[in-house]
Amino acid sequence: MAEAAVAPAPALWLVDKPAGPTSHDVVATARRSLGRKVKVGHCGTLDPFATGLLVVMVGRATRLAPYLSGLDKTYLATMRTGFTSATLDPEGPIEASGAPASAQRIREVLPGFVGRQEQRVPALSAVKVAGERLYARARRGEEIEELPVREVDIHALRLVDDLGDGVVTLEVHCGKGTYIRRLVSDIGERLGCGAYCSALRRTAIGQLSVDGAVAPDEVGPAGGMPPLGGLGHLPARALSAEEASRVLHGGRVPDAGLTGEAVALVADGRLVAIGTHDGAGALRPSVVLEDPR
C-alpha cells in the first residue's frame, strides 16, 4: 500500500506576481505544485496589470489571513497625466484629456492627498453591491450611478521619478483597502488634466518586502517562510512545553502583561497559535497552527 502524502508544513511564500495573471491564478499555480488537497490562499489581491508582492499562504498558515490582510502596503505607481482611462488602468479605453502636467505641478498637489480621506471604489472592483461584485455589473455595460465610498489612509506619498512627458513614478505608503488606481485618477482630477495608473508594483506588505520574493511556479512543498516570520508586527509570548501543550488543546495561558488585539504564542522559536485576550488576564488560542495530536 502506498504511503499517504505528507502535508506540507504551514508556510508563507513571498511571491513576485508578474503582470497578466490574477492573484487567483497565482494561487492555482501553487496548488498544482502542492496538490489539490492542500489549502492555499493569498493576502491582498493585486489587479492583473499589477506586479509585485503577493503573500501566498500554505496549509494551516491560511488561518493567518486576518492578521496579514490589514497590514499597511507600499506601492510604486506609474502615473500618466493628460489622459484618462475608463478602467483607471492600462485596460482602458484611454482618451486624451488635457496637457500633461509637469513634475513640479504634481509635487505641489501631492500633500493634499496624504492623511485619512474618503475614496470612491472603482467600478471595476470586487466590492459587492446588492450581493453582486461591481466588476460583473461594469463588464455587462451597466452604468453605476453611485459608487460606494470608503475611508482610506495615505500615510506617505512622494514623487520618486520623473519619466518625462507628464509621466511620473509615485511611491505610496497606505493603509488597507486603498485603491491606487483611484488615487492616481483623483490626483489627475486635482491637476485638471486627468491621469491614469499605467503600471503598478507592490513593494511591501507591512515588514515583508518583495526583495527576494520568488516566481509563482517556485512555490512548492518545501521551503517558504515559517509563519512566525510574517508576524513581526505582533507582540510575542514565549510558551513553556507545558503551556504549548495546553494551548494546542484549547487551554489558556497568562498574558504576561502583553497588550494588543492579538499575540503570537511561540514555543522553541515556532508559532504555535495566535492568542486573544479573554478580559481576565489570560490569552486564549483563537487560531492554532499545529496539530494537537
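Here are the numbers:
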item	result
Residue count for the range 72-102, restricted to those that are open to solvent by less than 20 Å² (accessible area, probe 1.4 Å) and acidic (Asp, Glu)	1
Every residue from the range 175-222 that is aromatic (Phe, Trp, Tyr) and at pLDDT 95 or above	TYR196
Residue tally, condition assigned to a helix (DSSP H, G or I) and either free of Cβ contacts under 8 Å to residues at least 60 places away in the same chain or over 17 Å from ASP161 (Cβ atoms) (or both), over the range 96-108	3
Residue identified as open to solvent by less than 40 Å² (accessible area, probe 1.4 Å) and over 26 Å from the mean Cα position of the chain (by Cα) among ALA215, ALA244, ALA273, ALA238	ALA244
Count of residues meeting criterion [farther than 21 Å from TYR75 by Cβ, crowded, with 22+ Cβ neighbours inside 10 Å and either at pLDDT 95 or above or in contact with a helix residue (DSSP H, G or I) (Cβ under 6 Å, 6 or more places away or on another chain) (or both)] in the range 23-37	0
Scope the range 38-47; condition part of a strand (DSSP E or B) and either buried (at least 22 other Cβ atoms within 10 Å of the Cβ) or of a type in the set (S, T, N, Q) (or both); matching residues	VAL40, HIS42, CYS43
Residue identified as open to solvent by 10 Å² or more (accessible area, probe 1.4 Å) and farther than 20 Å from GLU108 by Cβ among SER185, SER198	SER198
Residues of the range 143-174 classified as at pLDDT below 95, open to solvent by 50 Å² or more (accessible area, probe 1.4 Å) and of a type in the set (Val, Ile, Thr), total	1
Qualifying residue in the range 9-22 (condition: assigned to a loop (DSSP other than H, G, I, E, B), of a type outside the set (Phe, Trp, Tyr) and at pLDDT below 90)	yes
Any hit, the range 48-71, residues being buried (at least 22 other Cβ atoms within 10 Å of the Cβ), in a loop (DSSP other than H, G, I, E, B) and at pLDDT 90 or above	yes
Within the range 247-261, tally of residues that are under 25 Å from the mean Cα position of the chain (by Cα) and surrounded by 19 or more Cβ atoms within 10 Å (Cβ to Cβ)	0
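One line per residue, one yes/no per condition, for (1) modelled with pLDDT under 95; (2) more than 16 Å from LEU200 (Cα to Cα); (3) touching a strand residue (DSSP E or B) at 6+ places or on another chain (Cβ under 9 Å):
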{"position": "THR74", "(1), (2), (3)": "no, no, yes"}
{"position": "ALA86", "(1), (2), (3)": "yes, yes, yes"}
{"position": "PRO111", "(1), (2), (3)": "no, yes, yes"}
{"position": "LYS128", "(1), (2), (3)": "yes, yes, no"}
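The values are calculated or read from the model by the stated rules, or taken from the named source; none is laboratory data. Just so it is clear, the structure is predicted and the values come from calculations on it, not from any experiment. As a convention, Cβ positions derive from the backbone with ideal geometry for all residues, glycine included, and neighbour counts pool all protein chains shown. For accessibility, only protein heavy atoms count, side chains too; no ligands or nucleic acids. Shrake-Rupley method; radii C 1.70, N 1.55, O 1.52, S 1.80 Å.
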